[in-house]
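These notes are about the structure you will find just below.
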């Protein structure tokens, strides 16, 4: 990766971190380990505490800032974010913005609704949120911890649902 490409990436990361800080009060910082070992771009600062910091700490945030963001590129970036999240057992989060467009953040649906974890292996089951909606999720609802490697989706689903029928299953009372 060229020096100018790294500088452009760092500029996009700082821009996203500032925009998110205005909405949630915590500024994500650059993950300095990303260039050495590969990995996601932004992490909460070490001194951050509380539910907002905890929610942010459950995400592997990848930031992309380009002149355009065609769906093919966004799909490729998302697969990169998924791989980075898998490597550290965090939920992937892709923050992206094209020129003259607002920031958007893509998350797996299971990060918003833990009962959907059995569907998580399908990388197309996502939610693309405007930045303000993403900030609301972080502030108000939080992000659940991602189940550990090796947890079967069925076991996680049963634990999350507490033996209750799923949304679409008929109730036999």
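The values are calculated or read from the model by the stated rules, or taken from the named source; none is laboratory data. This one's a predicted model, so the numbers in the text were calculated from it and none came from an experiment. Counting neighbours? That spans all protein chains shown, and the Cβs are built from the backbone with ideal geometry, glycine included.
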* Only one of (1) at pLDDT below 90; (2) part of a helix (DSSP H, G or I); (3) over 14 Å from the mean Cα position of the chain (by Cα) is not met by residue 55, so which one is it? -> (3)
* **Counted residues, the stretch 30-52 - those being in contact with a helix residue (DSSP H, G or I) (Cβ under 7 Å, 6 or more places away or on another chain), at pLDDT below 85 and not in a loop (DSSP other than H, G, I, E, B)** => 2
* Of all residues in the stretch 83-136, how many are farther than 20 Å from residue 16 by Cβ and within 11 Å of the chain's Cα centre (by Cα)? -> 2
* Asked: What number of residues within the stretch 2-27 are modelled with pLDDT under 85 and in contact with a helix residue (DSSP H, G or I) (Cβ under 8 Å, 6 or more places away or on another chain)?
  -> 3
* Asked: Among the helices (runs of 4 or more DSSP H) contained in the stretch 81-173, which hold 3 or more residues that are modelled with pLDDT under 85?
  -> 153-161
* Boolean, residue 74 is in contact with a strand residue (DSSP E or B) (Cβ under 7 Å, 6 or more places away or on another chain), in a helix (DSSP H, G or I) and closer than 20 Å to residue 109 by Cα -> yes
* To do: Tell me which of these residue 61 doesn't satisfy, since it passes every other one: (1) part of a helix (DSSP H, G or I); (2) touching a strand residue (DSSP E or B) at 6+ places or on another chain (Cβ under 8 Å).
  => (1)
